[in-house]
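The values are calculated or read from the model by the stated rules, or taken from the named source; none is laboratory data. Computed from a prediction, not measured in an experiment: that's the story for all the values here. Reconstructed Cβ throughout: ideal geometry from the backbone, glycine too, with neighbour counts over all protein chains shown.
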């Protein structure tokens, strides 16, 4: 790795950026050396995304200086950034699922014949050579949407490289990958580093950051508070600088075994018997008790996400039964599920939120009929939303702010607030902390446990072991559509969950 005390590939100094009077970055210095993987960690809203958007040419109105190859530069647009060799792989992949692998590698830059037609043979030949150089073995004619998420991620990285990028920003690249896919991605990133590429690796998975990065920078409240070589630090060092003290329960989910305490004497609120859906899950039987958080963990594709959608009426089971309070429930639609007292927070915020509307409208949309039957009452909506914004520590605490201007983690908390306006009997949370930093996750842990203590039956499904460890009283592990293990009334660690899955 290059010496960070010498002029390097990319250097930013005194970067300051504000939105509507709120400072997102305050005098940030950041250095990226040639041929290094640099980790970026910090709370949602700490300034990571804003800095990356400045580097990628999205935000052009800021104070401070950016230098590329030692020379001052002011990027005018994302296109300008790409022409200078800066590319970004977003958390929400921008693949075209119905096109082939070769077509996805060449999106926007298809080789043409003399008559202006696409040269398919040249495209496949070029894509094959490029993927082979990266150690990616995949059928070029395969439909992109049929590949595993891990392979899709690798092809996305290849496409950014194909555009000529020498600086690659990766936003939460491992958030939905299984351990073997993560190792495959890390192998590619290390080969890219050895070839002289520089990478910025944004992640809330501290183990991943320490495993693959050379150095990391910690952001907090719009400032870069620490930069250190990864070989010299551990997770506790990072957590202390991200969130400080007072988050013992969340720290334990990262650093130690978690003692599970089930509630065997509590009443079954939701019960599932031999539930099956072809291609998703088979013969699932379980119960969720009053005042209990049941976690269901498994790798992506294990069936737990489809099971959650079935319980909210989004999908239908082929066979089996669902009962609420001992009575068979026909959850054939989401409206029936809501009337039965089931609330569902999906893994995708886009499924239930409106980015172009203010925060207060997103919070109160489910209870408008209770606020005013004949006409809307914005003042009441703002008052209700303001209480939830303060309770959930949503930042910035401005209910009139457009939802789309909030960080991903704060949008997720708004999605949770929507269901807290009228408490359900059963609350289903699908990937409730995906894309959140440890501080935001701590807020979710607090509110979920408070709801549990009010007697609500809560089901948490996730591909993140830290999520179920920090929230659950009892844990089921799913593998290839089946429940293969239950953990209850015993200490359980991340390693044991991974082994069971």
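For the stretch 307-349, which residues satisfy the criterion of being farther than 17 Å from residue 424 by Cβ and under 18 Å from the mean Cα position of the chain (by Cα)?
347, 348, 349
What number of residues within the stretch 448-484 are over 20 Å from residue 270 (Cβ atoms) and touching a helix residue (DSSP H, G or I) at 6+ places or on another chain (Cβ under 9 Å)?
Residues flagged as over 20 Å from residue 270 (Cβ atoms) and touching a helix residue (DSSP H, G or I) at 6+ places or on another chain (Cβ under 9 Å) within the stretch 448-484 amount to 7.
From the set of residues in the stretch 240-258 that are part of a loop (DSSP other than H, G, I, E, B) and within 19 Å of residue 393 (Cα to Cα), which is modelled with the highest pLDDT? Explain how you work it out, then say what you get.
First pass over the stretch 240-258, keeping only residues part of a loop (DSSP other than H, G, I, E, B): 244-247, 256-257.
If we keep only those that are within 19 Å of residue 393 (Cα to Cα) as well, we get 244-247.
Details: 244: 61, 245: 54, 246: 52, 247: 52.
Result: 244.
Here are some residues: 295, 291. Which one is within 24 Å of residue 497 (Cα to Cα), in contact (Cβ under 8 Å) with a residue 40 or more places away in the chain and not in a loop (DSSP other than H, G, I, E, B)?
Working: 291 fails: not in a loop (DSSP other than H, G, I, E, B).
Checking each option against the conditions leaves just 295.
Test of understanding: among 14, 64, 87, 39, which residue is under 28 Å from the mean Cα position of the chain (by Cα), at pLDDT 95 or above and either farther than 27 Å from residue 157 by Cβ or part of a strand (DSSP E or B) (or both)?
Values: 14 fails: under 28 Å from the mean Cα position of the chain (by Cα); 64 fails: under 28 Å from the mean Cα position of the chain (by Cα); 87 fails: at pLDDT 95 or above.
Checking each option against the conditions leaves just 39.
Going through the stretch 229-239 one residue at a time, which ones are surrounded by fewer than 23 Cβ atoms within 10 Å (Cβ to Cβ), in contact (Cβ under 8 Å) with a residue 12 or more places away in the chain and outside any strand (DSSP E or B)?
First pass over the stretch 229-239, keeping only residues surrounded by fewer than 23 Cβ atoms within 10 Å (Cβ to Cβ): 229-237, 239.
Adding the requirement that they be in contact (Cβ under 8 Å) with a residue 12 or more places away in the chain leaves 229-230, 233-236, 239.
If the condition is that a residue be surrounded by fewer than 23 Cβ atoms within 10 Å (Cβ to Cβ), in contact (Cβ under 8 Å) with a residue 12 or more places away in the chain and outside any strand (DSSP E or B), then 230, 233, 234, 235, 236, 239 are the ones that fit.
Any chance the stretch 44-51 includes a residue that's assigned to a loop (DSSP other than H, G, I, E, B) and out of contact with any strand residue (DSSP E or B) (no Cβ under 6 Å at 6 or more places or on another chain)? Quick ask: steps written out before the conclusion?
In the first step, residues of the stretch 44-51 are kept if they are assigned to a loop (DSSP other than H, G, I, E, B); the result is 44-47.
From what is left, the residues that are out of contact with any strand residue (DSSP E or B) (no Cβ under 6 Å at 6 or more places or on another chain) are 44-45.
Yes, the stretch 44-51 contains a residue that is assigned to a loop (DSSP other than H, G, I, E, B) and out of contact with any strand residue (DSSP E or B) (no Cβ under 6 Å at 6 or more places or on another chain).
Name the helices (runs of 4 or more DSSP H) wholly inside the stretch 298-381 in which the number of residues that are modelled with pLDDT of 90 or more is 1 or more.
Working: elements: 304-311, 334-339, 359-364, 368-371.
Where helices (runs of 4 or more DSSP H) fall fully within the stretch 298-381 and carry at least 1 residues being modelled with pLDDT of 90 or more, they are 304-311, 334-339.
Here are the criteria: (1) under 26 Å from residue 402 (Cβ atoms); (2) surrounded by 15 or more Cβ atoms within 10 Å (Cβ to Cβ). Tell me which single one residue 356 does not satisfy.
Single failed check for residue 356: (2).
Only one of 64, 116 is out of contact with any helix residue (DSSP H, G or I) (no Cβ under 8 Å at 6 or more places or on another chain), in the same structural domain as residue 189 (by TED's automatic domain parsing) and on the phi > 0 side of the Ramachandran plot. Can you tell me which?
Of 64, 116, the one residue that is out of contact with any helix residue (DSSP H, G or I) (no Cβ under 8 Å at 6 or more places or on another chain), in the same structural domain as residue 189 (by TED's automatic domain parsing) and on the phi > 0 side of the Ramachandran plot is 64.
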